[in-house]
Amino acid sequence: MRDFTCPNCGQRLAFENSVCLSCGSALGFSLDDMALLVIAPSEESEHAGAVDECHYQLCANLHLAECNWLVEKGPIAKLCVSCGLTRTRPNDADSIALAAFATAERAKRRLIAELHELKLPIVGRDDDPEFGLAFDLLSSQFEKVFTGHDNGVITLDLAEGDDVHREQLRISMDEPYRTLLGHFRHEIGHYYFYRLIGTAPDYLQRSTDLFGDPELDYQAALDRHYSEGAPAGWETDYVSSYATMHPAEDWAETFAHYLHIRDTLDTAAAFGFAPATATYDRRVLGPSGFDTIIDMWLPLSWALNMVNRSMGKEDLYPFVLPPPVLEKMRFIHTVIDEVTSDPVKLAEVGAPVQTQGQQLG
């Protein structure tokens, strides 16, 4: 994530700010510009970083989801690119769930911004009614909610936004890491599997060689995983114990870690403690591109872990990346790089696709 500043006074700001903490200017986030812009009266719009108040306004979810993204102004309040992907949310009377909903939407905006930076196409339900991307953000307070992915629809249990609940689950499932953003990155991995891999025979064969057959019985694999656990020695071939459950989960877990690494490197570079080549806008070219990313990541993650320990915190990145995991991640990097740099492949990714036929976790 980039280092944001107020265009009016230069005050450093966070991605989530909608008001400058120094000069009080009203701000909105522009996805196209990847910057915070001042929402100014039209007569002031010639100032650098200002947008014409007559044409832009903040997302209709400004208060409900604490959303600070800009939309075009119109007679009807509009949702931004991120909020518009949410298909289902808690009802207005459920104040507890709505607070959790705002927390989840905050994490989702970071996901969407990163996908935009990577130039990955986001095909929503409007363009692909059967298999386009959508989010159901639901409360499990009164009904069972299973976080997962099904043909483009990502369901999230809003209880994951509660620190106590999430930490209890993390400990009970023996996970070193569990966050809302991590959930979103994992589930979007499932979505991009059938967008990037499912329609490309060459990619599908290579993916099967690395991760295994994605058509294996998912329910049987799920039952086996929760009854028997991960196989002994899983650490030498997988990024997490959950990745051992099924090839689809191995892909999604590895995809999520690729997003973790790219975004953390980008943020570190923005603040000057990673090389400038670590940013999204400095594309790492050639077959050595992935190696360059990992060469930057390993010392940075080690240093960040040591900084966390100095504050009495757990490691920021409590994972080991053995060679087989790096090979899987290299494949994901290569696919993203090839698809996003080829207009023909990019158009194919944006076309409607066939369902996998399995609801994934």
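At a 10 angstrom cut-off on C-beta neighbours, averaged per residue, how do the peptides 101-109, 68-76 rank from highest to lowest? All intermediate terms of the calculation are to be shown ahead of the outcome.
Working: 101-109: 21.9, 68-76: 14.7.
Sorting 101-109, 68-76 by mean packing, highest first, produces 101-109, 68-76.
Ranked by the mean number of other Cβ atoms within 10 Å per residue, highest first, peptides 77-90, 330-343 order as 77-90, 330-343. Proximity of backbone amide H atoms, modeled 1.01 Å from N, is registered between residue 317 and 305 at under 5 Å, excluding neighbours fewer than 5 places apart on the same chain. Extent of segment 85-352 along its three principal axes (Cα atoms, max minus min coordinate, largest first): 52, 49, 40 Å. Residue 35 sits among other residues whose Cβ lies under 11 Å from its own Cβ, and their net charge, with Lys and Arg +1 and Asp and Glu -1, is -2. Applying 1/(1 + (r/R0)^6) with R0 = 41 Å to the Cβ-Cβ distance of residue 19 and residue 284 gives a FRET efficiency near 0.70.
Simple spin-label estimate for residue 169 and residue 79 gives 2.2 nm between the two label positions (7 Å along the Cα-to-Cβ direction from each Cα). Model label points for residue 237 and residue 334, set 7 angstrom from Cα along the Cα-to-Cβ axis, are 2.0 nm apart. In this simple spin-label model, placing a label point 7 Å from the Cα along the Cα-to-Cβ direction at both residue 205 and residue 33 gives a separation of 4.8 nm.
Computed extension length for residue 99-residue 303: 70.0 nm, one decimal, from 0.36 nm per residue of separation with the Cα-Cα distance subtracted. Proximity of backbone amide H atoms, modeled 1.01 Å from N, is registered between residue 35 and 30 at under 5 Å, excluding neighbours fewer than 5 places apart on the same chain. Rounded to the nearest 20 debye, the dipole size of the chain about its Cα centre is 560 debye, using +1 on the Cβ of Lys and Arg and -1 on the Cβ of Asp and Glu. With respect to the chain, whose longest principal axis is taken over its alpha-carbon atoms, helix 323-340 is tilted by about 50°.
Rounded to the nearest 500, the 222 nm mean residue ellipticity of the chain from helices alone is -12500 deg cm²/dmol, with -39,500 (n - 2.57) taken per DSSP H run of at least 4 residues. Counting charges near residue 237 (Lys, Arg +1; Asp, Glu -1) among other residues having Cβ under 13 Å from its Cβ returns a value of -3. For the pair residue 3 and residue 88, the difference between a 0.36 nm per residue extended length and the Cα-Cα distance amounts to 27.4 nm.
Would you mind putting 128-135, 271-278 in packing order, based on average other-beta-carbon counts within 10 Å, highest first?
128-135, 271-278
Loop-located chymotrypsin sites (Phe, Trp or Tyr not before Pro) in segment 137-244 (DSSP state not H, G, I, E or B) with no more than 16 neighbouring Cβ atoms inside 10 Å: 142, 146, 177.
For the chain, the antiparallel share of DSSP beta bridges with both residues in that region comes to about 55%.
Any read-out appearing in this document is the output of simple, stated calculations on the displayed coordinates, not a laboratory observation. Since we're looking at a predicted model, the values are computed, not measured. In this analysis, Cβ positions are derived from the backbone assuming ideal geometry, glycine residues included, and neighbour counts consider all displayed protein chains.
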